[in-house]
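Below is one structure, written out as structure tokens, with a few remarks after it.
The values are calculated or read from the model by the stated rules, or taken from the named source; none is laboratory data. Quantities reported herein were computed from a predicted structural model and do not represent experimental measurements. For neighbour counting, all protein chains shown are included, and Cβ atoms are generated from backbone atoms with ideal geometry for every residue, glycine included. Remember, those area values only see protein heavy atoms, side chains included, never the ligands or the DNA or RNA. Shrake-Rupley method; radii C 1.70, N 1.55, O 1.52, S 1.80 Å.
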Amino acid sequence: MPSDSLSNERILIVDDEPANLKLLDRMLGQQGYRNRILIDDPRQVVDRYRQARTDLILLDINMPYLDGFQVMERLMALNDPLLPPIVILTAQHGKDFLLRALTAGARDFITKPFDRNELLMRVHNLLQAQLAHRLLHDQKTVLENMVRARTEELYRTRLQIVQRLGMASEYRDEETGSHILRMSHICALLARALGWSDDQCDLILNASPMHDIGKIGIPDSILLKPGKFEPQEWEVMKTHAVIGAKLLEGDDSDLLCMAREIALTHHEKWDGSGYPNGLSGISIPVAGRIAALADVFDALTSERPYKKAWTVQAAWDLIKENRGKHFDPDLVDIFEQQFPAILEIRERFAESSAH
């Protein structure tokens, strides 16, 4: 008798001869196998299998409509990782025939007329093997789900760290949470218009709020100075790009790598007159170029204690004047194309919506 773990396994028996079906059904039933599915028309095999996966298939070779080889071909085409072992039922003993059957996907074969003990032993062994395979597959799926969940948890943790660092930089500076929201959403909008994937757009949305994190390291006497900087003060102020990059280095996650890249390069200019490294043109990372344009536009049109907000038109005029100087000319063109959507972002995240 099979063990309790095998007695409920589903066995699909395919043979066009009613006498063979009845014999196999009786043998397996007497042995205690409860779930036996009998099919005398091979054209029904794939549909019946799709309705309910089985754990073992006993398959005749010589049948009308479809022979056993054709049935195996259709089953293999399902690409089911848990496709059960197939046992060929045949009266043929030729080596070439058996090799062909094994090559086509059969796991074993039983010759007719059936030897009861041989049949039951092969069925038992293959059901045990399939049970182990299924358990291993299920365990692998569980482990993959655990790894996926852990990866998502790590990403959420990194994201929370980045968001809190962004909040910390806001407390040091006069910038508001609304500016960060507007700037980051404009970055994502421009990235999408450039053809970035959803994942990349999500990255820049969450990484760009870190662009000025280095201001944490700038003394209040300079950072909060209401008037114009002295030359030496301006040199100190410019160090915030390098400070920000250092704060964000040491982690190889896509999120923090992009945040570091933006922090370091969002003050570089297309013509090479920016800082800290005087990069120019396409040597400036695209994320830095995007962040520069989004940041300048929103900063100009935002009110600060030390300045009034520029009009949208005045800010746009300055950006056009600096096309190919401060800003990537192609990005400026995209900015113009996306201008209605950018104004919608400004309205959606107006100062009164800050939390």
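Among the residues making up segment 79-126, a single one is within 20 Å of Tyr49 (Cβ to Cβ), open to solvent by 80 Å² or more (accessible area, probe 1.4 Å) and touching a strand residue (DSSP E or B) at 6+ places or on another chain (Cβ under 8 Å): Arg107. Going by the conditions given, is Asp271 open to solvent by 50 Å² or more (accessible area, probe 1.4 Å) and within 28 Å of Lys320 (Cβ to Cβ)? Yes; evaluated as a whole, the condition is true for this residue.
For segment 49-66, give me each residue that is farther than 18 Å from Ile110 by Cα and surrounded by 15 or more Cβ atoms within 10 Å (Cβ to Cβ). Spell out how you get there, then give the answer.
Within segment 49-66, the subset farther than 18 Å from Ile110 by Cα is 49-54, 64-66.
The answer is Tyr49, Thr54, Leu66.
Screening Ala263 on (1) open to solvent by less than 50 Å² (accessible area, probe 1.4 Å); (2) assigned to a helix (DSSP H, G or I); (3) farther than 29 Å from Thr151 by Cα; (4) not β-branched (Val, Ile, Thr) shows it passes everything except condition (3). In segment 239-259, of all residues being of a type outside the set (D, E, K, R) and in a loop (DSSP other than H, G, I, E, B), the one that is farthest from Leu181 (Cα to Cα) corresponds to Gly250.
Summed over segment 240-292, residues that are over 28 Å from the mean Cα position of the chain (by Cα) and acidic (Asp, Glu) total 2. Tallying residues that are polar (S, T, N, Q), farther than 16 Å from Gly244 by Cα and under 33 Å from the mean Cα position of the chain (by Cα) within segment 194-224 yields 2.
Does Ala52 qualify as being touching a residue at least 40 places away in the same chain (Cβ under 8 Å) and small (Gly, Ala, Ser)?
On the way: touching a residue at least 40 places away in the same chain (Cβ under 8 Å): yes; small (Gly, Ala, Ser): yes.
Answer is yes for this residue.
Can you pull out every residue in segment 310-355 that is β-branched (Val, Ile, Thr) and open to solvent by less than 60 Å² (accessible area, probe 1.4 Å)?
Start the filter on segment 310-355 by keeping residues that are β-branched (Val, Ile, Thr), which leaves 311-312, 319, 332, 334, 342, 345.
Within segment 310-355, Val312, Ile319, Val332, Ile334, Ile342, Ile345 qualify.
Selection of segment 207-238 for residues being of a type in the set (D, E, K, R), outside any helix (DSSP H, G or I) and open to solvent by less than 40 Å² (accessible area, probe 1.4 Å) yields only Asp212.
Filter segment 30-46 down to the residues that are open to solvent by 30 Å² or more (accessible area, probe 1.4 Å) and more than 13 Å from Leu59 (Cβ to Cβ), then identify the one that is farthest from the chain's Cα centre (by Cα).
Filtering segment 30-46 for residues that are open to solvent by 30 Å² or more (accessible area, probe 1.4 Å) and more than 13 Å from Leu59 (Cβ to Cβ), the one farthest from the chain's Cα centre (by Cα) comes out as Gln30.
Could you list all residues from segment 22-43 that are small (Gly, Ala, Ser) and outside any helix (DSSP H, G or I)?
Taking segment 22-43 and keeping what is small (Gly, Ala, Ser), we get 29, 32.
Correct list: Gly32 only.
Of the listed requirements (1) under 21 Å from Arg134 (Cβ atoms); (2) within 40 Å of the chain's Cα centre (by Cα); (3) surrounded by fewer than 18 Cβ atoms within 10 Å (Cβ to Cβ), Ser7 misses just one: (2). Residues in segment 286-302 that are crowded, with 21+ Cβ neighbours inside 10 Å and within 15 Å of Ile334 (Cα to Cα): Ala287, Arg289, Ile290, Ala291, Ala292, Leu293, Ala294, Phe297. Is it the case, given these coordinates, that Gln200 is within 28 Å of Ile342 (Cα to Cα), of a type in the set (S, T, N, Q), assigned to a helix (DSSP H, G or I) and free of Cβ contacts under 8 Å to residues at least 40 places away in the same chain? Taking the combined requirement at face value, the residue satisfies it.
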